[in-house]
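The values are calculated or read from the model by the stated rules, or taken from the named source; none is laboratory data. Given the structure is predicted, the values throughout are model-derived calculations rather than measurements. Cβ placement follows ideal geometry from the backbone for every residue including glycine, while neighbour counts extend to all protein chains displayed.
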């Protein structure tokens with residue numbers, strides 16, 4: 001293999017791993033909020049529905065990342081994770097309307113897990129969004145797949 005081929009394989013591998021980790025992170029966000037949502041429907045229904053929206057959006061963006069290199073998906077993933085972090089911070093500082101029971105409860109295990117997954121996804125999304133701006137994969141012929149070429153993300 002020549003150096004150019006090695007470089008292209010490295011780009012493909014990096015893209016594959018980055019998108020796979022992003023999908024797992026989004027699934028983690030959905031799972032954590034699913035586990036926490038069970039009690040929310042009786043306590044604060046509007047928070048439960050916000051969780052449902054976050055879970056559905058996370059699954060939709062994850063599905064997009066499986067099938068596309070579109071950098072807007074990384075922007076969406078980062079914004080979803082950041083919005084969940086913001087919701088957590090508000091719920092622990094000032095509290096949400098009709099939901100002040102978590103004020104000061106920074107050590108709740110699902111909340112800590114959520115912050116870890118979301119923070120990691122924000123960082124990964126920023127990296128991937130920036131990396132997809134580079135046209136490194138544009139027009140690279142895929143060996144062994146006649147006529148197939150990678151397309152640069154919009």
More than 23 Å from residue 132 (Cα to Cα), loosely packed, with under 14 Cβ neighbours inside 10 Å and under 14 Å from the mean Cα position of the chain (by Cα), is that true of residue 56? yes
Restricting attention to region 84-108, report how many residues are part of a helix (DSSP H, G or I) and surrounded by 15 or more Cβ atoms within 10 Å (Cβ to Cβ). 6
Options 47, 17, 66; residue that is touching a residue at least 12 places away in the same chain (Cβ under 8 Å), over 17 Å from residue 88 (Cβ atoms) and assigned to a helix (DSSP H, G or I): 66
May I ask you to say which residue of 12, 26, 35, 80 is more than 9 Å from the chain's Cα centre (by Cα), under 26 Å from residue 108 (Cα atoms) and in a helix (DSSP H, G or I)? 35
Do we find that residue 50 is surrounded by fewer than 17 Cβ atoms within 10 Å (Cβ to Cβ) and within 26 Å of residue 74 (Cβ to Cβ) in this structure? no
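Conditions tested, residue by residue: (1) modelled with pLDDT under 90; (2) within 20 Å of residue 73 (Cα to Cα).
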residue: 3; (1), (2): yes, no
residue: 7; (1), (2): yes, no
residue: 19; (1), (2): no, yes
residue: 23; (1), (2): no, yes
residue: 29; (1), (2): no, yes
residue: 32; (1), (2): no, no
residue: 37; (1), (2): no, no
residue: 44; (1), (2): no, no
